[in-house]
Amino acid sequence: MANDTLSPAVRALRLLETVAQAPQGLAFSDLMAALGSPRATLARQLKDLTAHRYLAKDSATGRYRSGPATAALLGGSERDRLRRLAMPVLADLSAETAQSAAVFYRAGESIECLCKQMHPDSLTMQEIGQRSMDCSTSPWGWWFWTTLSANEQAALRACQQMPQNLAAIDIEDRAWLLDDCGQLAHTRRLAAPVYDDSGRMLACIGMAGMAAVLTDQTLTTVGSALARAARTLSLRLGWNP
């Protein structure tokens, strides 16, 4: 059946189905070729579906991927979508830096290690599925702490030993945070924030390595790679900086 004879609802469903089958994302030209839709019609559909979060547009590449509303419609979850989009980003980051990398997700009041990419020459980091209520002992926890209200921060300070200078951190000016052997002996840990299409901090990418490996000479390079990976994942989630 020709696409121009289909109802608007069926055309939208075909579009969502086509995008869902391409985890790498599809450009406007790819969708025109796959669906045979008129340019103006497709542009309008993409605009509407992105606005309602059924699609997410990577502002760096222009590619469209399934959005959180589509995941919910199909019975998936925010966690599932984040994990699916994160794994190739973690693989690239680990290969580039020769370090293990993990995604930490705020699940209610706890922080969960959602997925990770191991590197044989690096530390194992936390086990997948492991959760912690403590924001004070990791740089990914620190990132989540900066998103809390003043009252929530005060409540946590009453029961957790947050770094004293953390209140002065302007998260807009930081690409990544560093725990420089302060929590674990001889271990440097880094974290960078990941944002969703609404601009909310959804997760963090964290890394850890021995100080003898993550030296002062290599730390900036690894930190920059980490920040790029977090930005890439954010863009794939539909973040528009």
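The values are calculated or read from the model by the stated rules, or taken from the named source; none is laboratory data. Bear in mind the structure is a predicted one, so any value in this text is a computation, not a measurement. Quick reminder, even Gly has a Cβ in these numbers, built from the backbone with ideal geometry, and neighbours come from all protein chains shown.
For every residue, the table says whether it meets (1) within 14 Å of Leu233 (Cα to Cα); (2) in a strand (DSSP E or B); (3) out of contact with any helix residue (DSSP H, G or I) (no Cβ under 7 Å at 6 or more places or on another chain); (4) assigned by TED's automatic domain parsing to the domain that holds Gly199.
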site	(1), (2), (3), (4)
Pro88	yes, no, yes, yes
Leu93	yes, no, no, yes
Val103	yes, yes, no, yes
Arg106	no, yes, no, yes
His119	no, no, no, yes
Ser122	no, no, yes, yes
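Taking each residue of the stretch 84-101 that is at positive phi and looking for partners that are part of a loop (DSSP other than H, G, I, E, B) and of a type outside the set (S, T, N, Q) with beta-carbon atoms closer than 7 Å, six or more apart or interchain, yields Ala98/His119; Ala98/Asp121. So which residues in the stretch 107-149 are of a type in the set (D, E, K, R), at pLDDT 85 or above and over 23 Å from Asp92 (Cβ atoms)? Passing the criteria: only Arg131. Of all residues in the stretch 41-56, those that are more than 15 Å from Thr18 (Cβ to Cβ) and either surrounded by 13 or more Cβ atoms within 10 Å (Cβ to Cβ) or touching a residue at least 24 places away in the same chain (Cβ under 8 Å) (or both) total 4.
The rows are residues; the columns are (1) out of contact with any Leu (no Cβ under 8 Å at 6 or more places or on another chain); (2) over 17 Å from Arg106 (Cα atoms); (3) among the basic types (Lys, Arg).
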{"residue": "Arg188", "(1), (2), (3)": "no, yes, yes"}
{"residue": "Tyr195", "(1), (2), (3)": "no, no, no"}
{"residue": "Gln217", "(1), (2), (3)": "yes, yes, no"}
{"residue": "Leu233", "(1), (2), (3)": "no, no, no"}
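On the stretch given as the stretch 176-212, residues that are in a loop (DSSP other than H, G, I, E, B) and either surrounded by 15 or more Cβ atoms within 10 Å (Cβ to Cβ) or polar (S, T, N, Q) (or both) total 7.
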